[in-house]
Structures are given as structure tokens and as C-alpha cells.
Amino acid sequence: MKALSIAVAAFSTFNTTRPRLFTFPNPSTSSSLLLPSFKLKRSSIFSVQQTPPALGFYAGVTTMVEGSAFQPLSVQVKDHIDLSPKEEQIFNRLLQVVEHYNMGTQLRVAGGWVRDKLLGKECYDIDIALDNMYGREFCEKVNEYLSASGEETQGVGVIQCNPDQSKHLETARMRLFDVWIDFVNLRAEDYSENSRIPTMKFGTAKQDADRRDLTINSLFYNINTRSVEDLTERGIADLKSGEIVTPLPPKQTFLDDPLRVLRAIRFGARFGFILDEELKKAAADEDVRVAIADKISRERIGHEIDLMMSGDQPVKAMTYIADLKLFSAVFSLPSDFEPSIPDGCDRLCLSCLGSAWELLNLIGRSSFSDDQRRLCLYAALFLPFRETIYRDNKAKKIPVVNYIFRNSLKLKASDAEIVMSLHTVTKKFVTLISLLVSKDDIQVLEVDWKRDTIEVPIASKLRILTGLLLREIKEFWRVALLLSMLLHPVDVESSTSFSNENFELDKSSGLFKTIENAVRTLGLEKVWEMKPLVNGKEIMNILEIKSGGPVVREWQQKLLEWQLAHPSGSAEECIDWMKQAQSKRARTE
């Protein structure tokens, strides 16, 4: 009997059937999570295993289907805001400026600071909304007051309008008591039909609150009156009930600025809040999906997705995206690619992500850097696309993952390169797993990605192959190892019980640690830092040639393999071996 699993083979060998639903309890949501299963065909791309590579559905995969919902929450919300001594200093200074110049300005802290303070969280992102002047003007008045008081003035930075970055108005920034403060005027917005860039004008506090993305982000703290203002009349209620709601009707809100769909998803995932039913209907609306593609820059989509993937609830965020049928709109693909992608690929991607997330947490997130965790999750999410390619203008085959990173999300080219390398190395790692954990004498060692190595004993050949693999991916080798656990079959008794899913996860975690220790025992943990014992110039002298080229590169590879096979070898021994090998080669030619 095989464990519940899902093969992530090339899509050309992947068939789906009508989903069968499995229910797993999830303590964090107190709801049942429904997971689809798939009918599998054996893949030919993994040559070492006789059974198809498998991805276990671990307990933390939070795949939902249409109609399911998280249970409503009861969130502890404070009835007032407690200011820190630093915040008291800042706000008192701002009031002194207003009173000194008789400006009559109402000072309001807007958005996230108010929300987080009511939730009992510290927040250092203070945005001040002004009701009767621009931010730059107010900062100039602050500096005028500081100068008159004999205090040092502060530099004022101006963040220009940048609609692609959701900066529709100029923002002024200055430092007070070692804290950066943003200043902007209250505003009202008027959107044109085909643009997410609004016409801006001064507005009332009520208009400013209504034009914001979510009710929980529309709260103000009035510094003048020292009180919280809930001008949408439901911001605090939604915060207490843990709901994500738009101040105005959601469809019009999203059509005005489709970026708000992704922000709603991000905040819902971040706080574990549920999405309002009307909001979900609007977000899944075809007009809104078209608006996401037409009105939002790909850079801004990528920025929001990156925040989700870097946060504490990436699986929940991607689940919302899949449930709202936004996966293809967000992770757009080129017009032509091969092989074809079957229905349900978004669920498969989500399952890979969920399994990687659970395994990452069990192994210990803190043992990976922030960038390693982030790119590990991207690599898992796009694992089902690893064999899918498209052709560029020169008919060159390019992995479709490259397109997603560089065109759909406009993320760094280096991110795309690392994820593609992880996919390549992960597949190779799978071929070595059974060999690295074997306690028996290895008799045959053949892998399809490196058949020709120098002649050495089998045990030394294993060190060569492992070393070459780690040098290929460098400090991301543990990420590749983790991902390989998703492709490597785990033998557990067949059952749909929650306990067996945990057992499968524990076995994968144990296997990861066993191989990690094996790599360290082989002395390969930082093998990419190994310096060559013989350099290119010395190789040319031994070969008695005057210029480099393919022959030198070939010998550099052979000498690298010799070093890996002889970790205690000296440069002299390495050169002696090369001379002997060269002499033997010359006799046989």
C-alpha cells in the first residue's frame, strides 16, 4: 500500500481525474480542508527510481475549494491606543508646531499604525494625514519651528507620485526624534474607466477613509483629540471579527484599483482573517480579473506576491489566490509553451508549496536565511512547471519559470536563475538520496546526469557526484535537498488519517537530516569554496600548449574530480596523477 501522494512529473505524463476530496482537521482554522487527488502516470524523467517520484500531502496543506471558508475569528482589540514615550514626544512636537503658527490643522495618524496599535502590536511606520495642507508645506513649518527654538533642522525628503507603486500623491518625509515620519494630505479620488491612476483632490477625513483599500486600514488616530476615528463605521468591528472588507462596494473598489484585490489577500493571510463573501465574489469576477491584467503594472503585482511569499502565511495567501481563480492572472504564462498544462495545475502548485512549507517548519525555518526560505517557497510553488518551456525570438528553449519571474512578476533575474537552478539540482539530488543513506556497500553507481567521471572507487565517485552537485547550487544546497524530499517516495502505510500524514512528514524530515549529516560527514558542506590545487596556467605547462580552450577546461574538470575523490591530496599528487593520466591517454590514442 502506498501513502497518499501526488507525482509532480512533467505535465506531458500527468493526467487528472474528477477530484476526490480528503478532509483533514486544521487547528488554526477550526475548519475542514479539502484536498484534491490525481490519477498518475509513471514519469520517465527520473531514471534511478523504479516507482514514480511522489509528493506527500502533508497536514498543513490548506487547499480550499469553492464554497469553503475559514471560521469567523474573535480578535482581541484594545479600546484605546497606548502611546510609547517616543510617540508621545513626536505627537507633542507636531501639536506644538500647529499651535505656534495657529495653523488649525487636524493631525491624524492613518492606516496600518492605528490597526496594529489596536491589536497590541508595535508599529514604527507612522503616516500623518493633514486636512488643510500638503506634506511638504507642513515639514517646512516644522523646520521653521525647530530653527526658531534653536534646534537643529531636519532634511525633508519628497517621494514623488508613482502610480505604479500605488503612490498617487506626493509624500514628504522627515526624521523626528530618530523616527521617520511620512506626511500627506487627506484626499478624495476619482478614477477614469481605463486607468488605475485616479484624479486626486483634497478631501475630508471621511472621503479619505472611504477611498482606502480595507476597513481595517481606514482607521485614524486623531492626534489633536487623542482618539480613534472609525469613519467607515465598521473598521473596528471588522478588526474584532477578523474580516477583510472594503469600505465601498468591493467590485467598484477593485475595478477602480485592482491592486486592492492582492492587498486584501495579503492582509487576510497575514492576520488569519476571513475574506468577506461579497469581496470574494468581486475578486473572482471576470471583469476584475481582466482589470488585474490590464490596469496593474507587473512590477506591482510582483511586489505584492513577494510580500506574501516572504510573510508568515504564504500557503494561505496562495490558497486565496487559487480559490479566487486568480492564479493564471497573477502567474501569467507565455502564449506558446510545451508540454500542455492540465486543468488543476494551480492546486498542484499549491500542494507543492504547502508540503514544502510544512517540511520547512519542521526542519526549522531559522536554519535557512530569509532569501533561502523565500526562494525555496517559489521553487516549490513552481515545481510542476519545471519541465515546461517556451521559445524566445531566436527559437531558444527557455524554462517557463523564467518567464513567470521576469515577465509576470518582474522580479530579479537572479531570483529566476536560482529557482531554475534549484529545479535542476533537485532532480539530480533525488538520484543520490538512496546512495547517501545506504549502509550497504555500493556496487553500481550510475546517474543519468553525470555518467563519465575519472576512474575511482565507487565510494569516491559518490563524493565526486555529491561535491559537483553542491558546487552547482552552493549555499542553496539545503534548499535543493528539502525540495528533493517532495519528489522522493516515502514508504508509509496507506491511510487518509491525519496521524499518518504527520508520520510521512516526520519521515521526510528525518531523511533530510540523515542526508544533511552524510554531506557533512563527507566534508562537503562548503565544497564550493574549495580552491583548485592546479591552476589553468600550470595545466597548460604540463600539456605544453600556449593557449587555453576546451582541452584546458576538460582537465580542470578532471582535476576537480580528483580533488573531490582525494580530499587530503596535495598539489604535487594531483599533478603526478594528471601526468600519468595524460601519458596513458597519449598511449591509447
Task: Amide proton proximity set for ILE126, modelled H, under 5 Å, gap of 5+ - done: ASP182
Open item on the list: Compute, for segment 278-339, the length of the dipole vector about the Cα centre, with Cβ point charges of +1 (Lys, Arg) and -1 (Asp, Glu) only. Units Debye, rounded to 20.
Closed with: 160 debye
- [ ] Select from GLY510, SER568, PRO550 the residue farthest towards the positive end of the dipole of segment 502-589; place +1 on Cβ of Lys and Arg, -1 on Cβ of Asp and Glu, and compute about the Cα centre.
- [x] PRO550
Task: Amide N proximity, segment 113-145 versus LYS206 label position 7 Å along Cα-to-Cβ, cut-off under 18 Å - done: 131-132
Open item on the list: At 0.36 nm per residue, and after removing the present C-alpha to C-alpha distance, how many nm does the segment from ARG553 to LYS439 gain when stretched out fully?
Closed with: 37.5 nm
Open item on the list: Give me a comma-separated list of calculated 3J(HN,Hα) values for segment 355-366, in order, Karplus coefficients 6.51, -1.76, 1.60 applied at θ = phi - 60°, integers in Hz, x for any Gly or Pro.
Closed with: 5, 5, 5, 5, 5, 4, 5, 5, 5, x, 4, 5
TODO: Assuming R0 = 25 Å, can you tell me the calculated FRET efficiency for the pair ARG93 and ASP116, based on Cβ-Cβ distance, to the nearest 0.05?
DONE: 0.70
Open item on the list: Probe radius 1.4 Å, ligands and nucleic acids left out: which of TYR101, TYR378 has the largest accessible area, and how do the rest follow?
Closed with: TYR101, TYR378
TODO: Using R₀ = 35 Å, calculate the FRET efficiency as 1/(1 + (r/R₀)^6) where r is the Cβ-Cβ separation of GLU544 and ARG451; round to 0.05.
DONE: 0.70
TODO: Over segment 243-344, with every protein chain in place, what whole percent of the accessible area is carbon and sulfur at 1.4 Å, could you tell me?
DONE: 47 percent
TODO: Order ARG451, ARG226, most accessible first, counting only protein heavy atoms with a 1.4 angstrom probe.
DONE: ARG451, ARG226
TODO: Starting at the first residue of segment 331-336, write each ³J(HN,Hα) from the Karplus equation 6.51 cos²θ - 1.76 cosθ + 1.60 with θ = phi - 60°, in whole Hz, x for Gly and Pro.
DONE: 9, 5, 10, x, 5, 10
Open item on the list: Per-residue counts of other Cβ atoms within 10 Å, averaged by peptide: what ranking do you get for 206-213, 411-418, highest first?
Closed with: 206-213, 411-418
TODO: First measure r as the distance between the Cβ atoms of GLN76 and ASN407, then evaluate 1/(1 + (r/R0)^6) with R0 = 45 Å and state the FRET efficiency to the nearest 0.05.
DONE: 0.55
Open item on the list: I need the peptides 242-252, 257-267 ranked by packing, meaning the mean over residues of other C-beta atoms within 10 angstrom, with the highest value on top.
Closed with: 257-267, 242-252
Task: GLU417 paired with SER369, simple spin-label distance in nm, labels 7 Å along Cα-to-beta-carbon - done: 1.4 nm
Task: Exposure ranking of SER547, SER74, SER369 by accessible area [1.4 Å probe, largest first] - done: SER74, SER547, SER369
Task: Projected label distance in nm at GLN154 and ARG226, using a 7 Å step from Cα toward the beta-carbon - done: 2.2 nm
Task: Net charge dipole size for segment 550-589 [Lys, Arg +1 and Asp, Glu -1 on Cβ; Debye, nearest 20] - done: 180 debye
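The values are calculated or read from the model by the stated rules, or taken from the named source; none is laboratory data. Keep in mind it's a predicted model, so treat the numbers as computed, not measured. Because the Cβ atoms are built from the backbone with ideal geometry, glycine has one as well, and the counts that use them run over all protein chains shown. We work out accessible area using only protein heavy atoms, side chains counted, and drop any ligands, DNA or RNA first. Shrake-Rupley method; radii C 1.70, N 1.55, O 1.52, S 1.80 Å.
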